[in-house]
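Have a look at the structure below before the remarks.
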Amino acid sequence: MSRRIVAILNQKGGVGKTTTAVNLCHALARMGQRIAVIDLDPQCHLSVSLGVRSNNRPGVDEAMLGGANLDGCAVQARENLWLIPPGPRLQEIEQLSQGETHRGDLLAIALANSLTEIDSVFIDCPPSSGILVANALMAADEILIPMTSDYLALQGLSHLMGTLLKFEAALNKHYLLRLVMSRYVPTRRLSQDVLRTLGEYFSGKILATPIRETAFLAECPSFGKTIFEYRPGCRSARDFNALARDFLTGTVI
């Protein structure tokens with residue numbers, strides 16, 4: 001099977017995007033998959049969540065701005081899991097002049113001849129719609145959208161789908177789209193209603209396992225640990241193991 005390049009994307013903040021990225025990637029790595037995850041957010045939240053706290057470490061910024069090879073920027077964060085940190089210059093990409101050529105395909109170029117032994121590359125995107133997200137969309141073949149079960153998240157999803165359609169038309173490509181329910185509270189009627197609504201519009205595109213809300217997931221980043229290290233065996237760890245299997249097998253609802 002060819003390498004999968006997946007952008008984890010939602011322009012709305014607070015939807016569990018980085019939490020999904022960290023724990024899904026570690027779950028897949030624990031299953032023997034060779035995973036690379038690119039922290040494309042200058043705030044470095046994904047790197048911090050994996051316990052990599054050096055803001056001065058060169059990373060994807062040097063690959064996109066200076067032509068460095070991504071393999072040389074990769075940090076082995078866990079067994080089978082490599083992190084490409086953002087690097088201190090990443091925010092410069094958002095400031096590239098409007099006349100800059102090819103500014104949207106810097107990441108795609110960087111990925112073309114690197115990380116070739118990896119099974120899946122995940123790109124953790126910033127909660128915005130700027131040049132960094134454009135780079136992720138040009139590089140990726142798949143889009144994974146974490147969703148919370150509230151109606152504001154539904155409104156944000158409508159806007160995001162419009163953005164994806166524009167990119168598909170401009171790039172003449174069709175993304176494999178998957179949604180994942182994060183911070184899900186199964187006993188809350190609103191959660192059930194939102195999942196039902198999503199099912200009406202995105203049937204066959206929602207990964208089968210919702211990630212249930214727990215305090216443990218919010219606590220993990222401050223320790224630089226994933227849920228499998230912080231509270232192994234808890235229901236969140238079980239959820240992410242199941243979600244990883246859904247991702248590999250394409251199990252959807």
For this session: Could you work out the relative contact order of the stretch 121-212, using alpha carbon pairs under 8 angstrom and six or more residues apart, expressed as a whole percent?
Result: 31
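Do you know the relative contact order of the chain, to the nearest whole percent, from alpha carbon pairs under 8 angstrom that are 6+ apart?
Values: 483 pairs, mean separation 65.0, N = 253.
Computed value for the chain: 26 percent relative contact order.
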Problem set entry | Positive minus negative residues near residue 190 (Lys, Arg vs Asp, Glu; Cβ under 11 Å) | +1
For this session: With both partners inside the chain, how many of the DSSP beta bridges are antiparallel, as a percent to the nearest 5?
Result: 15
Problem set entry | From phi via Karplus (6.51, -1.76, 1.60), per-residue ³J(HN,Hα) for the stretch 23-35 in Hz, x at Gly/Pro | 7, 5, 4, 5, 4, 5, 4, 5, 8, x, 6, 8, 10
Problem set entry | Whole-Hz couplings from phi, Karplus 6.51/-1.76/1.60, listed for the stretch 166-175; x for Gly and Pro | 5, 5, 4, 5, 5, 9, 6, 9, 10, 6
For this session: Calculate I(q)/I(0) for the stretch 80-148 by the Debye formula, one identical point scatterer on each C-alpha and no solvent, and give its log10 at q = 0.16, 0.18, 0.20 Å⁻¹ to two decimals.
Result: -0.62, -0.79, -0.96
Exercise. For the stretch 164-253, what mean projected area does the convex hull of the alpha carbons give, in nm²?
Worked result: 7.5
Exercise. In whole Å and largest first, what semi-axes does the C-alpha gyration tensor of the stretch 1-126 yield when each eigenvalue is scaled by 5 and square-rooted?
Worked result: 22, 17, 14
Exercise. How big is the shadow of the Cα convex hull of the chain, averaged over all directions, in nm²?
Worked result: 12.7
For this session: State, in angstrom, two size descriptors of the stretch 74-213 derived from its alpha carbons: Rg to one decimal place and Dmax to the nearest whole number.
Result: 17.1, 52
Seminar exercise, completed: Rounded to whole angstrom, the alpha-carbon centroid of the stretch 218-251 lies from that of the stretch 1-80 at a distance of 16
Exercise. Residues with beta-carbon under 12 Å from that of residue 36, excluding residue 36: net charge, scoring Lys, Arg +1 and Asp, Glu -1?
Worked result: -1
Exercise. Over the Cα atoms of the stretch 1-56, what is the Rg over Rh ratio if Rh follows Kirkwood?
Worked result: 0.97
Problem set entry | Cut-off 13 Å between beta-carbons: net charge of the residues surrounding residue 159, Lys and Arg +1, Asp and Glu -1 | +2
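Rank by packing, highest mean first: peptides 14-23, 229-238, 110-119, with packing defined as the count of other Cβ atoms within 10 Å averaged across residues.
14-23, 110-119, 229-238
Just so you know, all these numbers are worked out from the coordinates, no wet-lab data involved. As the structure is a computational prediction, the values presented were derived from the model and not from experiment. As a convention, Cβ positions derive from the backbone with ideal geometry for all residues, glycine included, and neighbour counts pool all protein chains shown.
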